[in-house]
Amino acid sequence: MVTCRECIEKLQPYLDRELSDTELVAVEQHLEACGHCADAFQFVGSVLKVVGRSCRSTVATAELKAKVRLVVRSAMAEQR
């Protein structure tokens with residue numbers, strides 16, 4: 001069983017599906033038993049949903065896209 005501190009530290013990797021099967025089960029068991037961590041999990045999940053919706057609705061300007069492309073090409077050229 002993980003501690004509250006370990007559980008909180010693993011919330012982001014849990015949501016990103018980056019935990020091993022063993023870690024996943026341990027976090028889920030802890031969330032079922034601990035109201036405080038379950039609340040934190042709900043909060044983190046809610047924040048990520050809001051951020052996700054906000055990022056999808058934002059459209060980069062042509063000027064910004066051009067600058068990003070230039071920076072990427074420049075970085076790629078330096079690596080060669």
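Below is a table of values for the structure above.
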| quantity | calculated |
| --- | --- |
| Ser54 being part of a helix (DSSP H, G or I), surrounded by 10 or more Cβ atoms within 10 Å (Cβ to Cβ), small (Gly, Ala, Ser) and modelled with pLDDT under 90 | no |
| Flag if Arg73 is of a type outside the set (Asp, Glu), at positive phi, out of contact with any helix residue (DSSP H, G or I) (no Cβ under 8 Å at 6 or more places or on another chain) and free of Cβ contacts under 8 Å to residues at least 40 places away in the same chain | no |
| Of the criteria (1) surrounded by 10 or more Cβ atoms within 10 Å (Cβ to Cβ); (2) part of a helix (DSSP H, G or I); (3) among the hydrophobic types (A, V, I, L, M, F, W, C), which one Ala75 fails | (1) |
| Residue under evaluation Arg17, criteria (1) part of a loop (DSSP other than H, G, I, E, B); (2) surrounded by 11 or more Cβ atoms within 10 Å (Cβ to Cβ), criterion not met | (2) |
| So Lys10, is it under 17 Å from the mean Cα position of the chain (by Cα), among the basic types (Lys, Arg) and surrounded by 11 or more Cβ atoms within 10 Å (Cβ to Cβ) | yes |
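Conditions tested, residue by residue: (1) over 17 Å from Val2 (Cβ atoms); (2) in a loop (DSSP other than H, G, I, E, B).
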position	(1), (2)
Gln29	no, no
Val59	yes, yes
Lys65	yes, no
Arg69	yes, no
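The values are calculated or read from the model by the stated rules, or taken from the named source; none is laboratory data. Treat the numbers as computed from the prediction; the structure is a model and nothing was measured. Every residue, glycine among them, receives a Cβ derived from its backbone with ideal geometry; neighbour counts consider all protein chains shown.
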